[in-house]
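Taking it in order: structure first as structure tokens, then the write-up.
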Amino acid sequence: MVLYEKLLNEVVNAGVSVFEVKMKGRIKGLYSDNVIWINEAIDTDSEKYSILAEEFGHYNTSVGNIIDQSKLVNRKQEQRARTWAYEYTIPISKIVSAHKAHVKNKFELAEYLGVTEDFVERTIERYIEKYGDYVSYKNFTVCLNPLGVLEWFDFSH
């Protein structure tokens, strides 16, 4: 609950109201006009955190009504909001931190980061689209496909 509450405080401090309410169908969250609604039926903190991050991404990146995903411009805004959420929630630095904490698999990574395994998978898929199969970060190379971290010697000291 700590990560969800921390993000919730940040969202509220940004001027966005958040309500947990019953939602119809498979809707997990919505954002409109500085209000985020989270489906109260979501029972895990990691899923609530993941959904709140995505909806906060809409606050930070989206304009107008983008519910109709048959329109290319709306799909692009959806992708931009999700990318914001992925990079905010799981920056490359946190993957390196997980490696340093001896995290060994996707389940442990999701637990370490406080998100769902699905959110981890979607983040990695987006990073592969953006960077390719690997990305450098300080003295590390983060391999995205397959996921792993290589640490290089630091000869500058």
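The values are calculated or read from the model by the stated rules, or taken from the named source; none is laboratory data. Remember, predicted model here, so these are calculated numbers, not experimental data. Cβ placement follows ideal geometry from the backbone for every residue including glycine, while neighbour counts extend to all protein chains displayed. Remember, those area values only see protein heavy atoms, side chains included, never the ligands or the DNA or RNA. Shrake-Rupley method; radii C 1.70, N 1.55, O 1.52, S 1.80 Å.
Within region 22-44, the set of residues being closer than 21 Å to Ser62 by Cα and among the polar types (S, T, N, Q) comprises Ser32, Asn34, Asn39. Within region 1-32, the set of residues being under 23 Å from Glu87 (Cα atoms), outside any helix (DSSP H, G or I) and of a type in the set (D, E, K, R) comprises just one member, Lys28. In region 43-72, the residue that is surrounded by the most Cβ atoms within 10 Å (Cβ to Cβ) out of those that are in a loop (DSSP other than H, G, I, E, B) and of a type in the set (Gly, Ala, Ser) is Ser62. From the list Ile51, Ile36, Ile42, the lone residue that is touching a helix residue (DSSP H, G or I) at 6+ places or on another chain (Cβ under 8 Å), closer than 19 Å to Leu113 by Cβ and free of Cβ contacts under 8 Å to residues at least 40 places away in the same chain is Ile42.
Note on region 121-142: residues that are outside any helix (DSSP H, G or I), surrounded by 13 or more Cβ atoms within 10 Å (Cβ to Cβ) and not aliphatic (A, V, I, L, M) amount to 5.
The number of residues in region 24-33 being in contact with a Phe, Trp or Tyr (Cβ under 7 Å, 6 or more places away or on another chain) and open to solvent by 40 Å² or more (accessible area, probe 1.4 Å) comes to 2.
Against the list (1) under 25 Å from Trp152 (Cα atoms); (2) open to solvent by 30 Å² or more (accessible area, probe 1.4 Å); (3) not charged (D, E, K, R), the condition Phe107 fails is (1). Taken over region 83-106, the residue count meeting the criterion of being more than 14 Å from the chain's Cα centre (by Cα), part of a helix (DSSP H, G or I) and modelled with pLDDT of 95 or more is 5. Screening Phe140 on (1) at pLDDT 95 or above; (2) over 12 Å from the mean Cα position of the chain (by Cα); (3) under 26 Å from Asn9 (Cβ atoms) shows it passes everything except condition (3).
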